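Visitor: Below is a structure I'd like to ask you about.
Just so you know, all these numbers are worked out from the coordinates, no wet-lab data involved. Quantities reported herein were computed from a predicted structural model and do not represent experimental measurements. So basically every Cβ, Gly included, is an ideal-geometry build from the backbone, and we count neighbours across all protein chains shown.
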Amino acid sequence: MRGLLMASTERDAIEQQNVWNVGRIAALVGGNISGDANTMVTGVSGIDTAESGDIVFAESDRYLETAVKSNAVAILCRPDQSHTTTKPLIHVSEPRLAFLKLLSAFSPAVKPEPGIDPTAVVAAGALFGEGVYVGPLVSIGEHVKIGDRVCIQAGVHIGDSCVIDDDTILYPNVVLYPSVTVGKRCYIHAGAVLGADGFGYAPVGNMLQKVPHIGSVRVEDDVEIGANCCIDRAKTEETVIGAGTKMDNLVHIAHNVKIGKCCVIVSQVGIAGSTTIGNGVILAGQVGIVDHVNVGDGAQVGAQSGVRYDIPAGGRFFGSPAVPMARRLKEISIKNKLPDIMKEFRGMQKRIQALEAALHLEATDSPSAADATEQPGASES
Amino acid sequence: MRGLLMASTERDAIEQQNVWNVGRIAALVGGNISGDANTMVTGVSGIDTAESGDIVFAESDRYLETAVKSNAVAILCRPDQSHTTTKPLIHVSEPRLAFLKLLSAFSPAVKPEPGIDPTAVVAAGALFGEGVYVGPLVSIGEHVKIGDRVCIQAGVHIGDSCVIDDDTILYPNVVLYPSVTVGKRCYIHAGAVLGADGFGYAPVGNMLQKVPHIGSVRVEDDVEIGANCCIDRAKTEETVIGAGTKMDNLVHIAHNVKIGKCCVIVSQVGIAGSTTIGNGVILAGQVGIVDHVNVGDGAQVGAQSGVRYDIPAGGRFFGSPAVPMARRLKEISIKNKLPDIMKEFRGMQKRIQALEAALHLEATDSPSAADATEQPGASES
Amino acid sequence: MRGLLMASTERDAIEQQNVWNVGRIAALVGGNISGDANTMVTGVSGIDTAESGDIVFAESDRYLETAVKSNAVAILCRPDQSHTTTKPLIHVSEPRLAFLKLLSAFSPAVKPEPGIDPTAVVAAGALFGEGVYVGPLVSIGEHVKIGDRVCIQAGVHIGDSCVIDDDTILYPNVVLYPSVTVGKRCYIHAGAVLGADGFGYAPVGNMLQKVPHIGSVRVEDDVEIGANCCIDRAKTEETVIGAGTKMDNLVHIAHNVKIGKCCVIVSQVGIAGSTTIGNGVILAGQVGIVDHVNVGDGAQVGAQSGVRYDIPAGGRFFGSPAVPMARRLKEISIKNKLPDIMKEFRGMQKRIQALEAALHLEATDSPSAADATEQPGASES
């Protein structure tokens, strides 16, 4: 087709929006530069995850040291901090506030102009705050309440009696079943489903009868939920996602799960019914957790682990079934040595045979027949 | 924003719908109470999964004993059953029928008024039964046939030549590719995709050429399919989900899989192409099953297991790769003891060295050099 | 309901489209038959995945031998090839081209008539090629560019500034966030989400602050993406899916991942941020790969494996954590023997005790107290 490539001037204009150097950033945050003001900055990130091109912030000397060693190309710090690094420093009185300002500056402007698209289907009783955007082909049920500056993108469905608080964004094709509540400043990514029935049945004769799930889902403030995640409604009461928790794509949260505040739940994690997750918990990718267990505050669970029992606060667990990280690493270490150990083991058997022969002793316990077939020398004892 | 919280009278009215006590339940089912008629009941469930607040049913004395020990707060039983428990019993001639009545009474009224929303896009040739609901922004293709009382919620897409039988509910944004058939009384949750092409390619030169998938998907009666599940169409013939089977969220079913009746498939399970699952099989969360194997009737597979070979009827398998449960538990038990066993093992080596020294024997098989570095005493032999 | 079953003549007509025998196929590709021209053919496939009823192609004698042993019922080969098999051969000068012709002949006609459905919501600035189909209830943003013969099915959302190249199909309810580009001849299945924000946060005080993701997603030519897959946009630059790569359902691809050409990525795989996958890599179902690793060209990773380190080109890895296949199979073999080895081990302990008793030696290292409780005979030494 013709015209598939952008005109170069158009593309230049778009790219220019994201071209920053240290000088431009210092001007934005009102800071003073030590080092090269022309260093290009392409992104903003935390110190631990900094890539080449990123700017980070460091409020303590320890963090400044870490930041210097990271892949970051520029660092926001306090006026009284200094370092021999060749990386440019931008000195500001409040590095944290400057950093938040930069996060905003680098964010794409996702919010469209307020207004309700004429193709949206909105029930008569729905209540809207100020500055709300409702995109094309959205459907909104009865008794729904939408806060200020909420952004509801194309194809979203909001069931009856849902409540969405201020400044939250629902990306395209999100589905909220009835009575789900979502807090302030949340991001719910495309295709996520909140409030589907929990997975519960009662055996009656030869059939599994569906058990009513009349509870709901409550998502607190500042939560992010990844694309195509599924968070089931509670049997009674609420499934809860605590304030500040971040959830990656394709995560499954079953009925009556309670997740605490500021947790990090990586992609494809599955948490079974009625399990409780504390605050500040980190669950790495593809972790599975059975029903009715407790994971304590600050616990960390390694990728692909299978959690079958409670994890204490601060515990670092790994493996399937999950055990304390140190023990799991020991297990892996032993597993790696097993082939060599097996050779030693066979050698020891021969040495014992030699000792027994020297002493003219009968073996007190002969190898099993099954084993003998694998061990040619056994019949010689 | 103002008005985000419901008026208290409104909320009270809604909550009151779900407030039950034993007296009200006994009146509904026509039963006689032994015990406290004021005990509050908040839900209905099977004995094995009962939570505090639930009512359960027990038709035999053995189940009554189990029910008494469960978290349930009230029990439906026969007139001739009795127990010393403090939990209230409701005696009815048919506890099972009374239980089914309660399941209905506690279920939320999900079905909207029949009718086709004016924003739905329905092909001219589609056929509808009685009492059908078609929500806003639904699209329905050519030659589609919809049974009586089917409920098609907002944003659903139904491809050409699909058939949906009586009393089935499709939740928002479900997608049926062409020629999918769904039985009676099914629940297909939001975002589920039925009938996408199977994952099959033929290498031709350096490219993978897409192989045609001209089969379909058939979902039998009384099936529930979780949110964002994916069930692929067959290459030829049908991918089949048997009657009464229940599937949790984010499950993947590949082309030509045949699943039997009344299976329980927990979240994030993946089943590869042409595999056959018997009747009454239970697959726990995140299980993976390779292609072209058979899982026998009544088999159970533990969470996160990886099934690579056939499983016999009634088998209980666990682990990755999956082995019989008893063997897997033995393996885990040995794995847990390995660090201690390693200490013993090193001790035995020293004892053998001491024996050899006492007898002035040469070691018949010396430890490997690699091992010697990990075992300081080895050079002393 | 009445009329739920198709009239038999209607069904016959539909089925007849897919009824082929060897004679009809030979006529289509202009080939000569050795064997039974009446053999029925129901599908087309690669040799390795052939099922009963399939036709395959074999350009070399080695492949012809494999094809004869496969489940295929008929084989396309060169005029100069022959075999004693009872399977019919169809001889053509270019078996590969004949095979491609058959693939097309067996494919369902998925493409509807070109045109834009009146219920689609298309921004004024969107540009369309020739022969484009836009289904009902689609929404297309500003500055979008759509190539020739692109097929955009019901309920799809295409964000601002996306580019979709010629002959690509987007199935129902696919979501493209802004600035995603998709190449020629791609299939993006229902519910897939391309371009959601990467999962990245910077800790600021007690909160996790969302890090801007201003990069995009680029899908090259001839890619297939399964239903409900999630491919996140890059932090800066692009997340890339290389030409010819095929991806099954429910796969998660994190921000800044680069996938090479002609890879096969089976269902429920998850790949974490900034990881690089070479060309021709095969990742089996439910594999997880951590961030920032490299998987070399032609590597193969077994189902449910957890990749934590780089994999060299051509490596075959398996297990969680993943190790070379040969080593993993050795580990499994040893694991399977451990119960028997434990019995031998206990026998060796007794033999050493007997030797020590005979020599009147003290044990140089006694078993631990913990162990003694599990080993009744220990106290007898």
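Visitor: First check a/c for segment B:159-216, with a ≥ b ≥ c the square roots of the eigenvalues of its C-alpha gyration tensor; if it is under 1.5, answer rounded, and if not, answer prolate when a/b is larger than b/c or oblate otherwise.
Guide: Numbers: a/c = 4.06, a/b = 2.57, b/c = 1.58.
Judged from the Cα gyration tensor, segment B:159-216 comes out prolate (a/c at least 1.5, a/b above b/c).
Visitor: Counting other C-beta atoms within 10 Å, which of B:C77, A:C229 has the fewest, and how do the rest follow?
Guide: Values: B:C77 25, A:C229 30.
The most exposed by this proxy come first: B:C77, A:C229.
Visitor: Just counting partner chain Cβ atoms within 10 Å, what average do the residues of peptide B:185-198 show around their Cβ? Before the final figure, lay out the partial values.
Guide: On the way: counts 1, 0, 3, 0, 8, 14, 14, 6, 12, 2, 3, 12, 9, 3.
What the average comes to for B:185-198 is 6.
Visitor: Under 13 Å between alpha carbons, and skipping anything fewer than 8 positions from B:K184 in its own chain: which aspartates and glutamates qualify?
Guide: The reachable aspartates and glutamates, counting only those whose Cα sits under 13 Å from B:K184, are B:D148, B:D165, B:D166, B:D167, B:E220, B:D221, B:D222, B:E224.
Visitor: Something else about it: Take the alpha carbon gyration tensor of the protein assembly as shown, find the square roots of its eigenvalues, order them as a ≥ b ≥ c, and report rounded if a/c is under 1.5; if not, report prolate when a/b exceeds b/c, else oblate.
Guide: Working: a/c = 1.28, a/b = 1.28, b/c = 1.00.
Rounded, since a/c falls under 1.5.
Visitor: Now for a separate question. Could you work out which residue, out of C:K330, C:K111, C:K261, moves most in a Gaussian network model of chain C, that is, has the largest mean-square fluctuation with Cα springs under 10 Å?
Guide: C:K330
Visitor: Quick check on packing: order C:233-243, C:46-56 by the mean number of other C-beta atoms within 10 Å, highest mean leading.
Guide: For the peptides C:233-243, C:46-56, the packing ranking is C:233-243, C:46-56.
Visitor: Run the label-point distances for B:A37 please: 7 Å along Cα to Cβ, every other copy, nanometres, shortest first.
Guide: So the label point of B:A37 gives 8.6, 8.7 nm to the other copies.
Visitor: Let me ask another. Zone of A:N71 (label point 7 Å along Cα→Cβ, backbone N under 13 Å): which residues in segment A:23-56?
Guide: Under cut-off, by backbone N: A:42-55.
Visitor: Name all residues of segment B:324-340 having a backbone nitrogen under 15 Å from the label point set 7 Å from the Cα of C:R346 along its Cα→Cβ direction, giving them as ranges.
Guide: Flagged as within label range: B:330-331, B:333-335, B:337-338.
Visitor: Right, here's the next one. If you take the charge dipole of chain C about its Cα centre, with +1 on Lys and Arg Cβ and -1 on Asp and Glu Cβ, which of C:S320, C:C186, C:L338 is farthest toward its positive end?
Guide: It is C:L338.
Visitor: In peptide B:279-292, what is the residue-averaged number of other protein chain Cβ atoms found within 10 Å of each Cβ? Before the final figure, lay out the partial values.
Guide: Working: counts 1, 2, 0, 0, 0, 4, 11, 13, 3, 9, 2, 4, 3, 2.
Shielding by partners across B:279-292 averages 4.
Visitor: Here's something else I'd like to know. What shape does chain C have by the C-alpha gyration tensor, where a ≥ b ≥ c are the square roots of the eigenvalues, rounded means a/c under 1.5, and otherwise prolate means a/b greater than b/c and oblate the rest? The partial results should precede the final answer.
Guide: On the way: a/c = 2.68, a/b = 1.41, b/c = 1.90.
Because a/c hits 1.5 or more and a/b fails to exceed b/c, chain C counts as oblate.
Visitor: Still on this structure, I have one more. What does the copy distance list look like for B:T66, label position 7 Å along Cα→Cβ, in nm and ordered from shortest?
Guide: The answer, with the shortest distance listed first, is 5.1, 5.1 nm.
Visitor: Reachable lysines from C:K87, Cα under 20 Å, same-chain residues fewer than 8 places away excluded?
Guide: Reachable lysines: C:K69.
Visitor: Here's a follow-up. Quickly work out the A:S107-to-C:N32 label distance, labels modelled 7 Å from Cα along the C-beta direction, and quote it in nm with one decimal.
Guide: Between C:N32 and A:S107, the label points sit 7.3 nm apart.
Visitor: Only counting other Cβ atoms within 10 Å, I'd like A:F128, A:F199 sorted with the fewest neighbours first. Don't skip to the end; give the middle numbers.
Guide: Numbers: A:F128 21, A:F199 26.
Result, fewest neighbours first: A:F128, A:F199.
Visitor: Still on this structure: Please identify, among A:T168, A:T85, A:T181, the residue showing maximal mean-square fluctuation in a Gaussian network model of chain A using a 10 angstrom Cα cutoff.
Guide: Sorting by GNM fluctuation, first place goes to A:T85.
Visitor: Under the rule of -39500 (n - 2.57) per DSSP H run of 4 or more residues, summed and divided by the residues of chain B, what mean residue ellipticity at 222 nm is obtained, to the nearest 500 deg cm²/dmol?
Guide: On the way: 6 runs with 77 residues, N = 381.
Here the helix-only value at 222 nm equals -6500 deg cm²/dmol.
Visitor: I need C:V204, A:V29, A:V138, C:V257 ordered by Cβ neighbour count within 10 Å, fewest first. Intermediate values should be presented prior to the final figure.
Guide: Values: C:V204 17, A:V29 21, A:V138 29, C:V257 25.
The order, fewest Cβ neighbours first, is C:V204, A:V29, C:V257, A:V138.
Visitor: Charges only on Cβ, +1 for Lys and Arg, -1 for Asp and Glu: so what's the dipole of segment A:95-244 about the Cα centre, in debye to the nearest 20? Don't skip to the end; give the middle numbers.
Guide: On the way: 11 positive and 17 negative charges, 52 e Å.
Computed about the Cα centre, the dipole is about 240 debye.
Visitor: Work out the mean other chain Cβ neighbour count within 10 Å for the residues of A:335-344 and drop it here as an integer. Write out the running numbers ahead of the final one.
Guide: Details: counts 8, 4, 4, 7, 5, 5, 7, 5, 5, 10.
Whole-number average of other-chain Cβ neighbours for A:335-344 is 6.
Visitor: For A:Y309, place a label point 7 Å from Cα along the Cα-to-Cβ direction in every copy; what are the distances to the other copies, in nm, shortest first?
Guide: So the label point of A:Y309 gives 3.0, 3.0 nm to the other copies.
Visitor: Step through the table entries A:K235/A:K330; B:K258/C:K246; B:K145/C:K261; A:K258/B:K343, compare each Cα-Cα distance with 32 Å, and write down the pairs that go over it.
Guide: As for pairs spanning more than 32 Å Cα to Cα, those are A:K235/A:K330; B:K145/C:K261; A:K258/B:K343.
Visitor: Among B:S179, B:S267, B:S93, which one shows the biggest mean-square fluctuation in a GNM of chain B, springs joining Cα atoms closer than 10 Å?
Guide: Highest fluctuation of the listed residues: B:S93.
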